[in-house]
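The values are calculated or read from the model by the stated rules, or taken from the named source; none is laboratory data. Every value quoted in this text rests on a predicted model; they were computed, and no experiment measured them. Cβ sites come from the backbone with ideal geometry, for glycine too, and all protein chains shown count toward neighbours.
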Amino acid sequence: MERTGMTLAEKLLAAKLGRPVAAGELVEVPVDLVMGNDITAPVAIRAFEAAGATRVFDPDRVALVASHFVPARDVSSANQTSTMRRFALAHHIRHYYPEGSGGIEHTLLPERGIVVSGDIVVGADSHTCTYGALGAFATGVGSTDLAYAMATGRTWFKVPETTSFVYHGQRQPWVTGKDLILHTIHLIGDDGALYQSMEFSGSAIGELSMEDRLTMSNMAIEAGGKVGLVTPDAVTEAYERGRALRPPRFLAPDPNARYLAAIDVDVSRLEPQVAFPWLPSKTRPLSEVGDVPLDQVFIGSCTNGRLTDLRIAARLLQGRRVAPNLRLVVIPATQDVYLKAVQEGLVEVFVQAGAMVSAATCGPCLGGHTGVLGAGERCLSTSNRNYVGRMGDPTAEVYLASPAVAAASAVTGRITHPAAILGEEVA
Amino acid sequence: MARVSVAWKYGDNVDTDVIIPARYLVTGDPKELGPHCLEGLDPTFPAGHQPGDIIVGGKNFGCGSSREHAPLAIKGAGVPCVIAASFARIFFRNAINIGLPVYESPDAAAGIGMGDEIAVDARAGTIVNRTRGEQYAIRPLPPFMQELLDAGGLMARLKRELAQERAAEGGNP
């Protein structure tokens, strides 16, 4: 078969431009949504105003979300959120979510149907690639690109090359989307998909929930990826029904699409994965982790702070206590997740177990607040990065894993397989 | 002749969290960010470097968070440019957008050592290593990005576009 067709990334850009595109081409493209947060938007707002811009291209297509340092942790961060508030109110930004009303943008925007399949999205946060799980071309940019896109409704891209990742086989119990993406980053390295589109497909992706797919696309950036895409299917349709604020557009790659490489992953032999300090690629199967005592466990973030994540954690913590001298911090990713976790009794389980639960925020994931690590401390986190100093002191160690491994590890005080605390046989 | 600078050489995957830790992201002012540049990776850098010194990294420089504060901190520290074997895409875009030159050169990244005296000649597309007597080629920027950099970055382009828009509206009320 002649490889002249388009990948999903190419199809998404082509649909927006109304003409075929090919990898390597430079395109200027209208955006369906632009997004900023309390750290990146203030810098963009200053650039926007300094350039003499007086209006945003479309107040209905700008999202400004207070997520990182909320509620304000000090005077300077309070001033940043108020800069964003002033701008959002002055420009009648439709999707403005101040403290307490939204949560972490990457969980919030899909949850509220603000981003939909087929969208072209730029967001001033690297985990904007999360929305690729819906089949949206969504990528992180900096504040200056955000300012330009807010003013003009346009941005420029080099059409990326695509690597195809095909997952097949039946997952073992306790193996989640987080384990699939950690394993994938381990396979290709921290820059293994640099500048590329990662296209996730195969029967094992078809069987993943939307939450698990969002977790996978979220961490495409940890392999250097520009976007991490899943072709919309029945799971996508069910997820978007009743929430999409605009009509989703389902696109699929051509059968004869040209890929830079195709990587085949058999998930049937995969164990839960743990990334060791100080790179997400330094991942090992749980059985090869050894004895790693912990000072803190964090369950939350745009990667794994959704309701399904909290349910798994609560199932493991029900009737148990966190290990002596270990801190467990649980942070629902959005206020909606928080409310449902209260209504379902999950928060009660967490507090009974000895956890600290807070309102939606990125919090400790980026060493912001509510769980910053001290010198030499060791934390297992369900978030996405374990770089030097990411969660606090440069000598603190961060291990990345799924919410199930995190909850089990909080109970024993060392990195632990979830099956072990349930008395199940470890597969 | 290009000025001679001292190289501060680091490895692969220098991420934006070590370039400027998140706890300092309460300002967008390069002067406030500069004193903390690279402190997580190399505590001797903030006090030890001189304005004009150059940061040299390996593969995937600037990976991680999209924070534009990272190139702003490097600029604020008085570092005129960054050389690396390769750059993470968001960092690369941000650097061009704010007018921080970034030079991709796997040979330079492999050849330059900590403390080497180097001179960058962007026009000629070369980096000369005075300490080791070597010369390396810079991979040219894509023409679109070179034009953007030459025109003063993305905000200069926005200003121009807004001026054109206003002129058009003024001419046709």
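Considering segment B:1-43 alone, what residues qualify as being touching a Leu at 6+ places or on another chain (Cβ under 7 Å), among the hydroxyl-bearing types (Ser, Thr, Tyr) and modelled with pLDDT of 95 or more? Walk me through how you get there before you give the answer.
Quick first cut of segment B:1-43, residues touching a Leu at 6+ places or on another chain (Cβ under 7 Å) only: B:10, B:13-14, B:18-20, B:22, B:24, B:27-28, B:30, B:33.
Subsequent filtering for residues that are among the hydroxyl-bearing types (Ser, Thr, Tyr) retains B:10, B:24, B:27.
Scanning segment B:1-43 gives B:Tyr10, B:Tyr24.
Taken together, the criteria exclude B:Asp107 from residues that are touching a residue at least 12 places away in the same chain (Cβ under 8 Å), more than 8 Å from chain A (Cβ to nearest Cβ) and under 13 Å from the mean Cα position of the chain (by Cα). Here the condition is being free of Cβ contacts under 8 Å to residues at least 24 places away in the same chain and either touching a helix residue (DSSP H, G or I) at 6+ places or on another chain (Cβ under 6 Å) or closer than 30 Å to A:Thr303 by Cβ (or both); of A:Ala47, A:Ala23, A:Ala15, A:Ala78, it holds for A:Ala78 alone. How about segment A:376-415: which of its residues are more than 13 Å from chain B (Cβ to nearest Cβ), assigned to a loop (DSSP other than H, G, I, E, B), more than 21 Å from A:Ala220 (Cα to Cα) and not acidic (Asp, Glu)? The answer is A:Gly376, A:Gly413, A:Ile415.
Look at A:Thr236 and say whether it is among the polar types (S, T, N, Q) and under 23 Å from A:Gly413 (Cα atoms). Walk me through how you get there before you give the answer.
Working: among the polar types (S, T, N, Q): yes; under 23 Å from A:Gly413 (Cα atoms): no.
Judged against the criteria, A:Thr236 is not a match.
The residue that is farthest from the other protein chains (Cβ to nearest Cβ), among those in segment A:40-67 that are under 21 Å from A:Ala138 (Cα atoms) and of a type in the set (S, T, N, Q), is A:Ser67. If only residues of segment B:127-147 that are under 16 Å from the mean Cα position of the chain (by Cα) and away from chain A (no Cβ under 14 Å) are counted, the one that is nearest to B:Gly99 (Cα to Cα) is B:Pro140. Out of segment A:184-206, which residues are assigned to a loop (DSSP other than H, G, I, E, B) and either in contact with a strand residue (DSSP E or B) (Cβ under 9 Å, 6 or more places away or on another chain) or surrounded by 21 or more Cβ atoms within 10 Å (Cβ to Cβ) (or both)? Across segment A:184-206, the qualifying residues are A:Asp190, A:Asp191, A:Gly192, A:Ala193, A:Leu194, A:Tyr195, A:Gln196, A:Gly202. Scanning segment A:72-95 for residues that are part of a loop (DSSP other than H, G, I, E, B) and either within 14 Å of chain B (Cβ to nearest Cβ) or closer than 13 Å to A:Ala147 by Cα (or both) yields A:Ala72, A:Arg73, A:Asp74. Taking the criterion of being more than 10 Å from chain A (Cβ to nearest Cβ) and part of a helix (DSSP H, G or I), the residues of segment B:56-91 that qualify are B:Ala73, B:Ile74, B:Lys75, B:Gly76.
For segment A:143-183: of the residues being assigned to a helix (DSSP H, G or I) and away from every other protein chain (no Cβ under 14 Å), which is surrounded by the fewest Cβ atoms within 10 Å (Cβ to Cβ)?
So in segment A:143-183, the residues assigned to a helix (DSSP H, G or I) come out as A:143-152, A:177-183.
Checking which are away from every other protein chain (no Cβ under 14 Å) leaves us with A:177-183.
Working: A:Gly177: 28, A:Lys178: 28, A:Asp179: 28, A:Leu180: 26, A:Ile181: 29, A:Leu182: 30, A:His183: 20.
Looking at the filtered set, the residue picked out is A:His183.
Which of the residues belonging to segment B:132-150 are part of a loop (DSSP other than H, G, I, E, B) and surrounded by 14 or more Cβ atoms within 10 Å (Cβ to Cβ)? Walk me through it before giving the result.
Narrowing segment B:132-150 to residues part of a loop (DSSP other than H, G, I, E, B): B:132-133, B:138, B:140-142.
Those that are part of a loop (DSSP other than H, G, I, E, B) and surrounded by 14 or more Cβ atoms within 10 Å (Cβ to Cβ): B:Ile138, B:Leu141.
On the given criteria, is B:Pro46 within 12 Å of chain A (Cβ to nearest Cβ) and modelled with pLDDT of 95 or more? No: the conditions fail for B:Pro46.
Which one of A:Thr155, A:Thr163 is of a type in the set (Ser, Thr, Tyr), touching a residue at least 60 places away in the same chain (Cβ under 8 Å) and out of contact with any helix residue (DSSP H, G or I) (no Cβ under 6 Å at 6 or more places or on another chain)? Working first, answer last.
Details: A:Thr155 fails: out of contact with any helix residue (DSSP H, G or I) (no Cβ under 6 Å at 6 or more places or on another chain).
A:Thr163 is the lone residue from the list that is of a type in the set (Ser, Thr, Tyr), touching a residue at least 60 places away in the same chain (Cβ under 8 Å) and out of contact with any helix residue (DSSP H, G or I) (no Cβ under 6 Å at 6 or more places or on another chain).
Taking the criterion of being of a type in the set (Gly, Ala, Ser), out of contact with any Pro (no Cβ under 8 Å at 6 or more places or on another chain) and under 15 Å from A:Val43 (Cβ atoms), the only residue of segment B:1-33 that qualifies is B:Ala22.
Residues considered: A:Ala360, A:Ala313. Of these, the only one that is touching a Pro at 6+ places or on another chain (Cβ under 6 Å) and either on the phi > 0 side of the Ramachandran plot or part of a helix (DSSP H, G or I) (or both) is A:Ala313.
When B:Asp150 is tested against (1) in contact (Cβ under 8 Å) with a residue 24 or more places away in the chain; (2) closer than 23 Å to A:Gly24 by Cα; (3) away from every other protein chain (no Cβ under 14 Å), just one condition goes unmet, and that condition is (1). Residues that are within 14 Å of the chain's Cα centre (by Cα) and either facing chain A (nearest Cβ under 8 Å) or more than 29 Å from A:Asn79 (Cβ to Cβ) (or both) occur at least once in segment B:15-29.
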